[in-house]
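**Q** First, the structure itself, so that you have it in front of you.
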Amino acid sequence: MQLKNKPSIRQALATASCALLATQPLIAAESGDWVINLGTLFYDEKDRVSIVEPIAIVTYNYDDEDYVSLRLVNDTMTGASHNGASISSQSQTIPTHTTTSASGSAGPGTDTVVSPFAIPLSDFSDQRNAVGIDWQKAHSRTFRTIIGGNASVENDYNSFGSSVTFQRDTDDKLTTFTLGLALSIDAVKPGGGTPKPLAVLSSSDVNSRDDDDDDDEEDDHDDEDAADAAEHKLLTDVLVGITQVVSRNVLTQLNYSIGQSRGYLTDPYKIISRVDPTSGVTVDYLTEKRPDNRLRQAFYWKAAIHLPKDVVHLSYRYYWDDWSITAHTAEIKYYFNMGDHFYLMPSFRYYKQSGAKFFKYSLLNDQSLPDYASADLRLAPLQSTTRGLKIGYNFGRNTEVSFRAEYMQQWGEKNPSEAVGLQRQLDLFPNLEVTMYTVEISMDF
Amino acid sequence: MKRFFCFFVIVILFGTTFSACVVFPVKPWERDLLAEKQMQLTPDSVEANLEEHTYFSKEAASGGKGVGGGGCGCN
């Protein structure tokens with residue numbers, strides 16, 4: 001330990017108490033400090049989506065534990081994403097409307113021709129701008145609140161949310177109890193209107209008025225003015241957590257969160273193939289439909305461990321929801337400190353989820369339509385790994401620059417049991433490969 | 001069996017979180033290591049934000065780390 005770098009007792013206490021915070025950007029700085037974090041993510045899916053995402057977080061610490069933090073994010077997304085249609089050994093012609101292209105500015109409403117064995121993709125481009133603000137106020141030596149607000153705007157999707165977090169320390173400041181509440185209202189407005197759910201895809205699938213021949217009006221989302229109306233969803237989240245100083249070199253945290261999503265949870269841009277039950281040949285394409293309610297729960301555990309020179313972060317999350325999805329996420333980050341200024345941080349993340357109960361690779365055309373169906377592979381049983389390496393250089397106490405490279409692979413069931421006919425010879429879940437590069441600079445003055 | 005395993009893991013995590021502090025009480029003057037930036041649970045807020053957004057857009061599971069942060073049409 002370099003004594004010359006050791007902080008004062010006062011600063012150490014203030015910083016350690018900040019380190020107990022459970023959910024917000026943790027700023028270890030003295031009163032009056034400005035902290036500016038700038039970064040840009042370059043995200044590239046092989047043969048699919050590319051994203052450039054600059055982000056800026058500016059924090060003003062105006063008292064020992066009080067701060068205001070402003071977050072600005074911009075996403076520029078281009079490329080193509082899987083539209084949900086099943087891969088086929090035959091050439092496919094998918095009726096395309098603006099609403100069946102992925103989020104954002106879609107191409108012209110012409111049919112999409114997909115080559116045999118190719119992944120059915122929809123081209124898109126979009127921009128997202130988001131702003132968030134967090135204000136932490138200490139009301140006493142052991143109690144503080146963090147009030148947050150955020151807004152995110154895209155061509156076809158807006159989100160506005162707020163949150164409040166209460167944190168109470170024990171007198172010895174070794175334990176922090178956290179209660180967080182959040183509310184968000186999202187509005188989805190697909191270009192051209194909201195598609196009728198589980199409708200056969202054709203040029204008339206959009207804004208087709210309900211013939212009132214069903215009794216499920218609430219879920220239809222196809223009012224007469226659908227073209228102009230946005231669909232909404234309301235998200236509420238509650239988190240309780242405990243953060244514990246275990247020893248001089250171990251800090252750990254355990255959270256439980258429960259959240260509910262209500263409203264329009266369907267992806268208006270995803271479709272699902274309907275195939276012949278014997279041959280597996282695609283007959284037609286339908287829009288998807290998801291339940292309008294989702295209850296999400298998670299346990300999240302994290303530990304930061306100081307080894308003689310290095311620091312290791314371990315985390316694990318168990319997630320489950322009433323769509324029958326369960327997921328395990330485990331991650332390790334190892335800060336390999338090489339001298340006073342330079343560090344390497346290799347990281348590894350493993351993720352595994354089960355599929356949603358209404359997920360189908362395709363529907364069979366000899367069966368009646370289910371209540372809900374989606375072929376969005378993000379709702380399929382899948383696994384994922386991310387390997388990363390970050391290189392950081394600290395210019396003394398005030399400025400740090402870093403570069404991080406990551407490689408993510410995602411894979412699922414290539415030959416699921418529900419495959420029929422020619423589908424049995426196909427890879428119904430093509431691997432996804434993603435490379436990510438992040439450059440970052442942090443300044444404290 | 002799967003549920004039992006998950007329950008077992010959660011009990012272990014709870015146990016280590018709650019019990020160890022009793023065994024190793026840390027005095028205020030012993031918090032030098034805890035004060036280091038890398039020992040914060042979120043040492044890099046930019047990295048955390050970008051990770052959260054990336055995985056939210058590619059996976060069905062989310063949450064657990066905190067509340068708020070903003071929605072997105074990516075999933």
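The values are calculated or read from the model by the stated rules, or taken from the named source; none is laboratory data. Because the structure is a prediction, the values reported are computed rather than measured. Cβ atoms come from the backbone with ideal geometry, glycine included; neighbour counts cover every protein chain shown.
**Q** Please count how many residues of the stretch A:36-59 are at the interface with another protein chain (Cβ under 7 Å from one of its Cβ atoms) and either touching a His at 6+ places or on another chain (Cβ under 8 Å) or surrounded by fewer than 16 Cβ atoms within 10 Å (Cβ to Cβ) (or both).
**A** Looking only at that region, the number is 1.
**Q** Just need a number here: residues in the stretch A:297-315 that are polar (S, T, N, Q) and either surrounded by fewer than 19 Cβ atoms within 10 Å (Cβ to Cβ) or at pLDDT below 95 (or both).
**A** 1
**Q** So, one more: In the stretch A:59-78, what count of residues is obtained for those that are aliphatic (A, V, I, L, M) and over 18 Å from B:His53 (Cα atoms)?
**A** Counting residues in the stretch A:59-78 that are aliphatic (A, V, I, L, M) and over 18 Å from B:His53 (Cα atoms) gives 1.
Residues are listed down the side, and each one gets a yes or a no for (1) away from chain B (no Cβ under 14 Å); (2) over 25 Å from A:Pro430 (Cβ atoms); (3) at pLDDT 90 or above:
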residue	(1), (2), (3)
A:Gly107	yes, no, no
A:Phe124	no, no, no
A:Asn129	no, yes, yes
A:Ile133	no, yes, yes
A:Lys137	yes, yes, yes
A:Ser140	yes, yes, yes
A:Arg144	yes, yes, yes
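**Q** Another question about this same structure. A:Pro277: under 30 Å from B:Ala35 (Cα atoms) and not in a strand (DSSP E or B), yes or no?
**A** no
**Q** Within the stretch A:435-445, can you find the residues that are of a type in the set (A, V, I, L, M, F, W, C) and surrounded by fewer than 20 Cβ atoms within 10 Å (Cβ to Cβ)?
**A** Result: A:Val439, A:Ile441, A:Met443, A:Phe445.
**Q** May I ask you to list the residues in the stretch A:133-188 that are farther than 18 Å from A:Leu254 by Cβ, of a type in the set (Asp, Glu) and touching a residue at least 12 places away in the same chain (Cβ under 8 Å)?
**A** Across the stretch A:133-188, the qualifying residues are A:Asp134, A:Glu154, A:Asp156, A:Asp171, A:Asp186.
**Q** Six or more apart or on different chains, Cβ under 7 Å: which pairs go from a residue in the stretch B:43-63 that's buried (at least 23 other Cβ atoms within 10 Å of the Cβ) to one that's at pLDDT below 95 and outside any helix (DSSP H, G or I)? Could you list them?
**A** What qualifies is B:Ser45/A:Pro25; B:His53/B:Cys72.
**Q** Just to be sure, is A:Leu432 more than 30 Å from A:Asp340 (Cα to Cα) and either at pLDDT 95 or above or at the interface with another protein chain (Cβ under 10 Å from one of its Cβ atoms) (or both)?
**A** yes
**Q** A follow-up question, please. Please pick out the residue among A:Ala405, A:Ala375 that is in contact (Cβ under 8 Å) with a residue 24 or more places away in the chain, within 18 Å of A:Thr438 (Cα to Cα) and under 21 Å from the mean Cα position of the chain (by Cα).
**A** From the options A:Ala405, A:Ala375, the qualifying one is A:Ala405.
**Q** Checking A:Thr282 against (1) of a type in the set (Val, Ile, Thr); (2) farther than 27 Å from A:Leu234 by Cα; (3) within 8 Å of chain B (Cβ to nearest Cβ), only one condition comes out false. Which one?
**A** Every listed condition holds for A:Thr282 apart from (3).
Every residue, every condition in (1) within 14 Å of chain B (Cβ to nearest Cβ); (2) at pLDDT 60 or above; (3) within 30 Å of A:Asn155 (Cβ to Cβ), yes or no:
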{"site": "A:Gly193", "(1), (2), (3)": "no, yes, yes"}
{"site": "A:Asn207", "(1), (2), (3)": "no, no, yes"}
{"site": "A:Asp214", "(1), (2), (3)": "no, no, no"}
{"site": "A:Glu218", "(1), (2), (3)": "no, no, yes"}
{"site": "A:His221", "(1), (2), (3)": "no, no, yes"}
{"site": "A:Val245", "(1), (2), (3)": "yes, yes, no"}
{"site": "A:Thr252", "(1), (2), (3)": "yes, yes, no"}
{"site": "A:Gly259", "(1), (2), (3)": "yes, yes, yes"}
{"site": "A:Gly263", "(1), (2), (3)": "yes, yes, yes"}
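**Q** Continuing with this model, one more query. Among the numbered conditions (1) at the interface with another protein chain (Cβ under 10 Å from one of its Cβ atoms); (2) at pLDDT 95 or above; (3) under 30 Å from A:Ile332 (Cα atoms), tell me where A:Lys233 comes up short.
**A** The single condition A:Lys233 does not satisfy is (3).
**Q** Condition test on A:Gln353, is it at the interface with chain B (Cβ under 8 Å from one of its Cβ atoms) and among the polar types (S, T, N, Q)?
**A** The answer is yes for A:Gln353.
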